[in-house]
Amino acid sequence: MSSAFAVQLILYMAVLAGITPLMGKWMLAAVDGHCGRGPLGKAERLFYRVCGVNPDEEMTWQRYAFGMMLFSGVGALVTYFMQRTQLWLPLNPQHMANVTPDSSFNTAVSFTTNTNWQGYVGEATMSYFTQMAGLAVHNFVSAAAGIAVAFALMRGITRKSVNTIGNVWTDLTRLTMYVLLPICFVFALLLISQGMIQNFNEYVKVTPLDPAQGEQSLAMGPVASQIAIKMLGTNGGGFFNANAAHPYENPNMLSNALQILAIFSLGAGLCYSFGLMASDKRQGWAIWSAMAIMFVVAACFCVTFEQQGNPALAQYGVDQTASTLQPGGNMEGKEARFGIAASSLFATITTSASCGAVNSMHASYTPLGGLVPMWLMQLGEVVYGGVGSGMYGMLVFVVVAVFVAGLMVGRTPEYLGKKIEPYEMKMAAFVVLVTPLLVLLGTAIAVAGEAGQKGPLNPGPHGFSEILYGFSSAANNNGSAFASLSANTPFYNTALGIAMWFGRFAIMVPVLAIAGSLARKRGMAVTAGTLPTHGPLFVFLLISTVLIVGALTYLPALALGPIAEQLLLVAAH
Amino acid sequence: MFSELRQAVSVFLALTVITGLAYPLLVTGVAQMVFPRQANGSLIECDGVVVGSSLIGQTFSDPKYFWGRPSATSPSCNAAASSGSNFGPSNPALHDAVKQRCEALRAADPDNKAPIPVDLVTASSSGLDPQISIAGAMYQAGRVARVRGLELAKVEAMITGRASKPLAPGLSEPTINVLELNLALDGKI
């Protein structure tokens, strides 16, 4: 671990802790309708009238879930047909052809589910119109959907003896209009000031300095407006193929710092919103701390292996030692301006959250360095997590943790005065089991058949890691990849599309069911026998629950991939 | 059922108009007024010809120029199809590629026996990395000075003078922009 990394990590955590209360208060004020005053309020009411929405209506969990599913279904269909017809739509100066059916299906599902897995090469496939009015719209609304479901669950936990958990339409609208949009406007302009592009020009032709080289064509586009929401909404789908490694998508260390801060900002803020709703901020900070501990340990683990470099390269007289003049380490697939520290930090953050943007190529990480992002996704991305999905995923683990604790002391488990009973536990168990099922079953089907075996580029255990990483990323709605996997084929487009859809909605619906069930319960008074859920003991219990579930489920598969590769690499050199 | 479908369709379309059309057009408008150079790609022009962008790397194979990060795009430094190699650390294809890059650097500068900084022989993530480490530039300074008939100290001073400053002290290792350094050597900027 280098000193640069230590400085970056400490600064990062300090700033994150600083903005957490602001973000938490802001989101809560928005969903509670406190932002829509004066002319803004009039505009909001006009919006509802046009859409036929009654903003004062409260919904049961079933209606909330049904509305959310319909909204997502409509969005996916619109995006599918936009890609299939983009050649005839405006803002297509490069005359990009209509996208193939299987790729359009995969991308529509991918962006609707906040995954942003990308089987296509952005700057060679998508028109400006598709990127802007199709994909970037999902970056907004899928993020709002995640936060909305998190608030619905938090309402379920904190409300007493009612049948309703909020209004899906006002939640979606207010989060988009009062939180995401204003932050993104300022954020996009900041990114542009650092060199990110924002235009509708044709690709620029360049005569290179060295005449021996052919003409260079620079891809252009409305990048910054999309990247702002890509990071803030933990979407991660790049405008360009190289994602946040592309200099136009991440020009320097300042743009990089702003982007990684954006990834965690809303996920961390939701912990604070939760504390406010529970009228006990310590409840929120306890969850925040559990996330922070897991994140810091993972980041240190990842950077240690990346800084050690690749033992196979020493034989050619390559200098991989870090100094004040070079980052050293494993620089394959990393950018000079980010070095080892900012690349490893980004990789850990993007997979702790369900972001999936990359500023370095995870496929080229050392075996154990690359294990970290893969495992963080497999834990369910509950370390700050996706906007919303991280919080509701973590609250499901909280339910499991208090249940385990209840069993240990022989008391009925309860959380914030709500009894945890068989119905909630069945739903929580379903949520905890459905993603591993999608990941491991998907990987097994892929490695067993010819269509799946054709995917990997790298030989040996790394090839297996590529497939395992792909399904881990899809089912957990991350979207990053060991990009050596040739996934733009009918088999992978379909299989990963299915994994993404169920990885999103087979979790969202049971989470809303838990919310509805908890809202109906009456609150119980705190007694001497109540397990406190705001102290270090509970933080430890929560972390243990997450780790045990993750470790037991995935260790055998990880042993076949990254762990086997590490042993082979060390043995050979 | 029907009223909910109507709500879902109209909320989605209304948000599409706001976030997918109004927002990006407004950002573009403001950016083109306030930051026109950055918003259009930080292009470098010499005598009215666009010779590159200060953010996008170019390929150099002539020994009189500093060479940048190896690029895995096809052709090298293809800014219309960015990509890394995605080779895993144990892939023999990666080892062969690194070996060949080391041989090419040594063939262009046979007297230089120093170990080669790793960023000069490993492919960047985007294939368009505009920078190299200062160690990578210093390694090549002798060759460039010899081919151009310049004093080594002068070339080294150019490198030191053009090195990037970290955002905060100790936050990152300094780097240098290869295209701008080569343009300066040619006296074009």
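The values are calculated or read from the model by the stated rules, or taken from the named source; none is laboratory data. If you're wondering where the values come from, they're calculated on a predicted model, not measured in any experiment. Virtual Cβ from ideal backbone geometry, glycine too; neighbours counted across all protein chains shown. Please note that ligands, DNA and RNA were not included when accessible areas were found on the heavy atoms of the full protein model with its side chains. Shrake-Rupley method; radii C 1.70, N 1.55, O 1.52, S 1.80 Å.
Output yes when any residue across the stretch A:166-188 is open to solvent by 10 Å² or more (accessible area, probe 1.4 Å) and within 7 Å of chain B (Cβ to nearest Cβ), and no when none is. Give the derivation first.
First, pick out the residues of the stretch A:166-188 that are open to solvent by 10 Å² or more (accessible area, probe 1.4 Å): A:174, A:177-178, A:181-183, A:185-187.
Filter once more, keeping what is within 7 Å of chain B (Cβ to nearest Cβ): A:181, A:185.
Checked against the condition, which is being open to solvent by 10 Å² or more (accessible area, probe 1.4 Å) and within 7 Å of chain B (Cβ to nearest Cβ), the stretch A:166-188 yields at least one hit.
Quick test for you: out of A:Glu202, A:Glu123, pick the one residue that is open to solvent by less than 10 Å² (accessible area, probe 1.4 Å), touching a residue at least 60 places away in the same chain (Cβ under 8 Å) and among the charged types (D, E, K, R). First the steps, then the outcome.
Details: A:Glu202 fails: open to solvent by less than 10 Å² (accessible area, probe 1.4 Å).
Going through A:Glu202, A:Glu123 in turn, the sole match is A:Glu123.
Taking the options A:Ala564, A:Ala525, A:Ala513, name whichever one is touching a residue at least 40 places away in the same chain (Cβ under 8 Å) and within 14 Å of another protein chain (Cβ to nearest Cβ). Walk me through it before giving the result.
Details: A:Ala525 fails: within 14 Å of another protein chain (Cβ to nearest Cβ); A:Ala513 fails: within 14 Å of another protein chain (Cβ to nearest Cβ).
Criteria check complete, one pass: A:Ala564.
Answer yes or no as to whether A:Ala136 is touching a Ser or Thr at 6+ places or on another chain (Cβ under 9 Å) and either surrounded by 24 or more Cβ atoms within 10 Å (Cβ to Cβ) or in a loop (DSSP other than H, G, I, E, B) (or both).
Working: touching a Ser or Thr at 6+ places or on another chain (Cβ under 9 Å): yes; either surrounded by 24 or more Cβ atoms within 10 Å (Cβ to Cβ) or in a loop (DSSP other than H, G, I, E, B) (or both): yes.
Answer is yes for this residue.
Conditions tested, residue by residue: (1) surrounded by 24 or more Cβ atoms within 10 Å (Cβ to Cβ); (2) within 8 Å of chain B (Cβ to nearest Cβ); (3) modelled with pLDDT of 95 or more; (4) under 25 Å from B:Ala81 (Cα atoms).
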{"position": "A:Ala242", "(1), (2), (3), (4)": "yes, yes, yes, yes"}
{"position": "A:Pro247", "(1), (2), (3), (4)": "yes, yes, yes, yes"}
{"position": "A:Met253", "(1), (2), (3), (4)": "no, yes, yes, yes"}
{"position": "A:Gln259", "(1), (2), (3), (4)": "yes, no, yes, yes"}
{"position": "A:Ile263", "(1), (2), (3), (4)": "yes, no, yes, no"}
{"position": "A:Gly269", "(1), (2), (3), (4)": "yes, no, yes, no"}
{"position": "A:Tyr272", "(1), (2), (3), (4)": "yes, no, yes, no"}
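Could you grab me the full set of residues in the stretch A:189-221 that are among the acidic types (Asp, Glu) and facing chain B (nearest Cβ under 7 Å)?
Matches in the stretch A:189-221: A:Asp210 only.
Kindly indicate the residue of the stretch A:1-20 that is of a type in the set (Ser, Thr, Tyr) and within 20 Å of the chain's Cα centre (by Cα) and also surrounded by the fewest Cβ atoms within 10 Å (Cβ to Cβ) among those meeting that condition. Can you show your working first?
We begin by selecting, within the stretch A:1-20, every residue of a type in the set (Ser, Thr, Tyr); these are A:2-3, A:12, A:20.
With within 20 Å of the chain's Cα centre (by Cα) added as a condition, the list becomes A:12, A:20.
Numbers: A:Tyr12: 19, A:Thr20: 25.
Looking at residues that are of a type in the set (Ser, Thr, Tyr) and within 20 Å of the chain's Cα centre (by Cα), I get A:Tyr12.
I'd like to check something: does the stretch A:532-542 contain any residue that is modelled with pLDDT under 95, under 30 Å from A:Lys426 (Cα atoms) and surrounded by 24 or more Cβ atoms within 10 Å (Cβ to Cβ)?
No.
Please go through (1) within 28 Å of the chain's Cα centre (by Cα); (2) under 22 Å from B:Gln131 (Cβ atoms); (3) touching a residue at least 24 places away in the same chain (Cβ under 8 Å) for A:Ala336 and return the number of the only condition it doesn't satisfy.
So A:Ala336 meets the others, but not (3).
If A:Ser364 meets every condition in (1) open to solvent by less than 10 Å² (accessible area, probe 1.4 Å); (2) touching a residue at least 60 places away in the same chain (Cβ under 8 Å); (3) small (Gly, Ala, Ser) apart from one, which number is that one?
Going through (1) open to solvent by less than 10 Å² (accessible area, probe 1.4 Å); (2) touching a residue at least 60 places away in the same chain (Cβ under 8 Å); (3) small (Gly, Ala, Ser) one by one, A:Ser364 breaks only (2).
Would you confirm, using the coordinates I've provided, whether A:Phe430 is over 22 Å from B:Gly88 (Cβ atoms), under 22 Å from the mean Cα position of the chain (by Cα) and more than 14 Å from chain B (Cβ to nearest Cβ)? Lay out the reasoning, then the answer.
Values: over 22 Å from B:Gly88 (Cβ atoms): yes; under 22 Å from the mean Cα position of the chain (by Cα): yes; more than 14 Å from chain B (Cβ to nearest Cβ): yes.
Against the criterion (over 22 Å from B:Gly88 (Cβ atoms), under 22 Å from the mean Cα position of the chain (by Cα) and more than 14 Å from chain B (Cβ to nearest Cβ)), A:Phe430 qualifies.
Search the stretch B:53-94 for residues being more than 19 Å from the chain's Cα centre (by Cα) and open to solvent by less than 20 Å² (accessible area, probe 1.4 Å), and hand back the single one that is farthest from the other protein chains (Cβ to nearest Cβ).
Of everything passing the filter in the stretch B:53-94, B:Leu94 is farthest from the other protein chains (Cβ to nearest Cβ).
Need pairs with beta-carbon distance below 7 Å; first residue without any contact (Cβ under 8 Å) to a residue 60 or more places away in the chain and assigned to a helix (DSSP H, G or I) and within the stretch A:423-452, second of a type outside the set (Ser, Thr, Tyr) and exposed (fewer than 15 other Cβ atoms within 10 Å of the Cβ); sequence gap 6+ or separate chains.
A:Val447/A:Gln453
Considering the stretch A:457-481 alone, what residues qualify as being surrounded by 24 or more Cβ atoms within 10 Å (Cβ to Cβ) and in a loop (DSSP other than H, G, I, E, B)?
Taking the stretch A:457-481 first, the residues surrounded by 24 or more Cβ atoms within 10 Å (Cβ to Cβ) are A:458, A:462, A:465-481.
Listed by number, the residues that qualify are A:Asn458, A:Asn476, A:Asn477, A:Asn478, A:Gly479, A:Ser480, A:Ala481.
When A:Glu58 is evaluated against the numbered criteria (1) loosely packed, with under 13 Cβ neighbours inside 10 Å; (2) touching a residue at least 12 places away in the same chain (Cβ under 8 Å), which criterion, by number, is the only one it fails?
(1)
Rundown of residues vs (1) closer than 30 Å to A:Gly166 by Cβ; (2) touching a helix residue (DSSP H, G or I) at 6+ places or on another chain (Cβ under 6 Å), yes/no style:
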position: A:Gln94; (1), (2): no, no
position: A:Asn98; (1), (2): no, yes
position: A:Ser104; (1), (2): no, yes
position: A:Met126; (1), (2): no, no
position: A:Ala133; (1), (2): yes, yes
position: A:Gly146; (1), (2): yes, yes
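Any idea which of A:Val434, A:Val439 is buried (at least 24 other Cβ atoms within 10 Å of the Cβ) and farther than 25 Å from A:Trp285 by Cβ? Steps first, answer last, please.
Details: A:Val434 fails: buried (at least 24 other Cβ atoms within 10 Å of the Cβ).
Unique residue meeting the criteria: A:Val439.
Just checking, how many residues over the stretch A:319-344 are outside any loop (DSSP other than H, G, I, E, B) and either crowded, with 24+ Cβ neighbours inside 10 Å or at positive phi (or both)?
As a first pass, look at the stretch A:319-344 and keep what is outside any loop (DSSP other than H, G, I, E, B): A:319, A:339-344.
Next, from what is left, pick out any that are either crowded, with 24+ Cβ neighbours inside 10 Å or at positive phi (or both): A:339-344.
The qualifying residues number 6.
Could you list, in sequence order, the residues of the stretch A:210-259 that are assigned to a loop (DSSP other than H, G, I, E, B) and more than 19 Å from B:Leu43 (Cα to Cα)?
Looking only at the stretch A:210-259, we keep the residues that are assigned to a loop (DSSP other than H, G, I, E, B), and these are A:210-215, A:219-222, A:233-242, A:246-252.
Within the stretch A:210-259, A:Ala212, A:Gly233, A:Thr234, A:Asn235, A:Gly236, A:Gly237, A:Gly238, A:Phe239, A:Asn241, A:Ala242 qualify.
Taking the stated definitions as given, is A:Leu28 surrounded by 14 or more Cβ atoms within 10 Å (Cβ to Cβ) and free of Cβ contacts under 8 Å to residues at least 40 places away in the same chain? Talk me through it step by step, then tell me what you get.
Details: surrounded by 14 or more Cβ atoms within 10 Å (Cβ to Cβ): yes; free of Cβ contacts under 8 Å to residues at least 40 places away in the same chain: no.
Here the answer is no, as A:Leu28 does not meet what is asked.
Please go through the stretch A:155-202 and pick out each residue that is assigned to a helix (DSSP H, G or I) and hydroxyl-bearing (Ser, Thr, Tyr).
Taking the stretch A:155-202 as the starting set, the residues that turn out to be assigned to a helix (DSSP H, G or I) are A:155-158, A:168-193.
Listed by number, the residues that qualify are A:Thr158, A:Thr170, A:Thr173, A:Thr176, A:Tyr178, A:Ser193.
Answer with yes or no whether A:Val358 is open to solvent by 10 Å² or more (accessible area, probe 1.4 Å), within 19 Å of A:Gly237 (Cβ to Cβ) and either part of a loop (DSSP other than H, G, I, E, B) or touching a residue at least 12 places away in the same chain (Cβ under 8 Å) (or both). Don't jump to the end; show me each part of the working.
Working: open to solvent by 10 Å² or more (accessible area, probe 1.4 Å): yes; within 19 Å of A:Gly237 (Cβ to Cβ): yes; either part of a loop (DSSP other than H, G, I, E, B) or touching a residue at least 12 places away in the same chain (Cβ under 8 Å) (or both): yes.
The answer is yes for A:Val358.
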